[in-house]
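These notes concern the structure reproduced below.
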Amino acid sequence: MFCQLTDMKLSVVTVFVCIFCHINSSKILVITSMPSYSHFTLAFRLAKELADREHEVSFINPYPQKTPIKHLKDISIEEVKPFVAEVRKTFAALGEWGSIGSHLIDLRLSVGLIEHTFNSTNVQNLLNSEESFDVVVIEHFINEPLVGIAHHFKAPVIFLAPVASCFRNNYIFGNPGPSSYVPDILGIYTKHMNFWQRLKNFIMMSFHDLWRELVMIPKYRTLFKKYTKTDFELDDVLYNVSLILTTSHPSISDAVPHFPNIIEIGGYHVFPPKKLSEDLQDFLDTATEGVILFSMGSNLKSKDLTLNVRNAVLKSFAKIKVKVLWKFEDDLLEAPSNVKIMSWLPQQDVLAHPNIKCFITHGGLLSTIEAVYHGVPLIGIPVFGDQRSNVAAAVNSGYAVSVPLDELTEENFSAALSEILYNARYRNNVKQRSKIMHDQPLKPIDSAVYWIEHVIRHKGAVHLRSSGSDLKWYSRGMIDILTFLGFTILISTLVAYSILKACAKKLFLRKKKAKKSSSKIKKTGQPLK
Ligand SMILES: *[C@@H]1O[C@H](CO)[C@@H](O)[C@H](O)[C@H]1NC(C)=O
């Protein structure tokens with residue numbers, strides 16, 4: 001009897017534990033389609049964290065793991081790589097065209113990424129399988145029709161934005177981003193704009209909106225229909241996305257409006273520092289004057305720098321005692337003795353070293369966040385995309401000096417170096433920012449996981465959704481109301497004008513008649529009959 005009872009107890013416990021496991025572990029599909037290190041990093045960090053917390057994660061991405069990770073199943077879409085490499089060749093040429101150029105690149109990139117992702121054998125196999133998911137997290141980068149994959153599995157969608165809330169994602173949630181105080185992320189303005197800057201910002205933002213509504217969205221609608229077997233339209237699914245996680249935070253981004261389903265998790269991608277190689281550790285530890293870290297990221301290779309720029313940089317480095325750690329793919333370089341060149345280095349872990357005095361970067365969002373996270377001031381050499389606005393914001397917040405690539409000379413680069421190294425202002429400001437970034441109720445990565453689980457628990461969390469998503473863009477922007485009012489005022493003015501004119505004419509005629517008759521009286525001396 002006793003024995004039986006323990007057995008029963010045991011099985012109850014087992015059943016209970018199993019139910020408990022089942023409730024806590026969800027099936028999550030994470031998708032990232034752009035073969036670029038920064039996009040991948042963002043999605044991977046999240047997928048890995050979810051897997052570490054024992055969710056069953058399937059991960060559609062272009063860089064499958066070499067050694068498998070527990071609870072994380074790769075679904076490789078390496079097919080997108082050659083296509084994107086081809087498009088990259090046009091980056092520089094179209095880059096010259098400013099915003100129009102970047103929209104043209106986006107269009108071509110977008111269509112190709114979407115088609116290649118849907119056509120990938122592994123994705124097709126997944127779509128034809130019996131799989132099911134509790135939620136689908138999509139790294140949102142000009143790939144709106146991929147919501148069709150989530151729709152196929154009847155799962156709620158969460159977007160993960162590689163940027164802050166901006167014109168690229170606000171429209172989906174109906175979130176306001178007024179051009180009067182929210183600068184265009186592809187521009188160069190900061191949050192304080194004068195009249196002319198606001199005018200230009202308004203024109204640029206309107207151009208982005210029109211381009212999206214008139215060119216991109218119609219294209220997306222066709223692609224959605226082509227690859228998703230459903231009676232629903234793209235709009236039904238896209239404007240129904242549950243939540244967006246943005247790569248932003250008040251410590252690095254402007255304070256702007258956010259609906260409850262827009263969650264800022266900027267800084268979540270930074271891993272706790274890992275042990276450095278002996279060689280690097282030694283180089284950093286022995287640098288009594290400090291070290292400058294110089295890396296232009298993965299999209300722009302250091303070898304793309306012109307000879308003039310390289311020389312200017314090297315001459316400036318030769319003049320200082322501070323050591324320099326330069327991520328450069330070309331080691332044939334005649335560098336001064338204080339400069340160490342490495343074709344690859346663990347950027348986050350190096351930034352965490354207390355001897356790092358300055359980070360010279362292109363100003364990509366992730367690099368900027370990592371610098372603030374570790375409290376390192378910046379010299380920004382912005383090249384394209386959102387780099388200019390990131391650097392402008394960092395300069396405005398007092399922790400960076402900007403030296404645009406096409407203006408870089410030995411003179412201004414040296415000046416920037418001594419400003420950052422010897423003026424304590426930049427370091428103090430970035431330390432302050434860093435403190436703000438770390439002063440949060442939840443760590444950004446915990447917050448990301450919390451909100452993903454919230455969406456799962458509440459089956460799409462429709463309570464977070466604003467009715468702004470139900471309105472067409474022209475209704476949300478009050479364009480229909482203003483047009484109606486404009487027409488009403490115009491028509492009433494016209495009507496009033498014609499009535500007045502008619503009255504005036506009558507009056508005038510009568511007066512004329514009266515005048516005529518009175519003058520006739522004068523001439524003839526007697527009234528007319
Ligand atoms: C919209 O989202 C809710 C919550 O996830 C879901 O129940 C509903 O089916 C979705 N509608 C469409 C058309 O996908």
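Assorted remarks:
- Taking the stretch 461-480 as the range and being under 24 Å from Asp254 (Cβ atoms) and assigned to a helix (DSSP H, G or I) as the test, the residues that pass are Leu464, Gly468, Ser469, Trp473, Arg476.
- Test: Asp236 is of a type in the set (Asp, Glu) and within 16 Å of the ligand (Cβ to nearest atom): yes
- Some residue of the stretch 214-230 being part of a loop (DSSP other than H, G, I, E, B), farther than 25 Å from Val111 by Cβ and not assigned by TED's automatic domain parsing to the domain that holds Ile369: no
- For the stretch 428-460, the set of residues classified as within 16 Å of the ligand (Cβ to nearest atom), open to solvent by 90 Å² or more (accessible area, probe 1.4 Å) and part of a helix (DSSP H, G or I) consists of Arg457 only.
- When the stretch 122-152 is filtered for residues that are open to solvent by 20 Å² or more (accessible area, probe 1.4 Å) and among the hydrophobic types (A, V, I, L, M, F, W, C), the ones remaining, listed by number, are Leu127, Phe141.
Results for (1) among the polar types (S, T, N, Q); (2) open to solvent by 30 Å² or more (accessible area, probe 1.4 Å), shown as yes or no for each residue.
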| site | (1), (2) |
| --- | --- |
| Lys319 | no, yes |
| Val324 | no, no |
| Ser337 | yes, yes |
| Ser343 | yes, yes |
| Ala371 | no, no |
| Gly375 | no, no |
| Gln387 | yes, no |
| Val391 | no, no |
| Ala394 | no, no |
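- Residues being farther than 18 Å from Asp74 by Cβ and either of a type in the set (A, V, I, L, M, F, W, C) or within 18 Å of the chain's Cα centre (by Cα) (or both) - total across the stretch 123-152: 9
- The sole residue among Lys73, Lys81 that is assigned to a strand (DSSP E or B) and among the basic types (Lys, Arg) is Lys73.
The values are calculated or read from the model by the stated rules, or taken from the named source; none is laboratory data. Please read these numbers as outputs of a predicted model, since none were measured by experiment. All Cβ positions, glycine included, derive from the backbone under ideal geometry; neighbour counts span all protein chains shown. Side chains included, ligands, DNA and RNA excluded: accessible areas come from the protein's heavy atoms. Shrake-Rupley method; radii C 1.70, N 1.55, O 1.52, S 1.80 Å.
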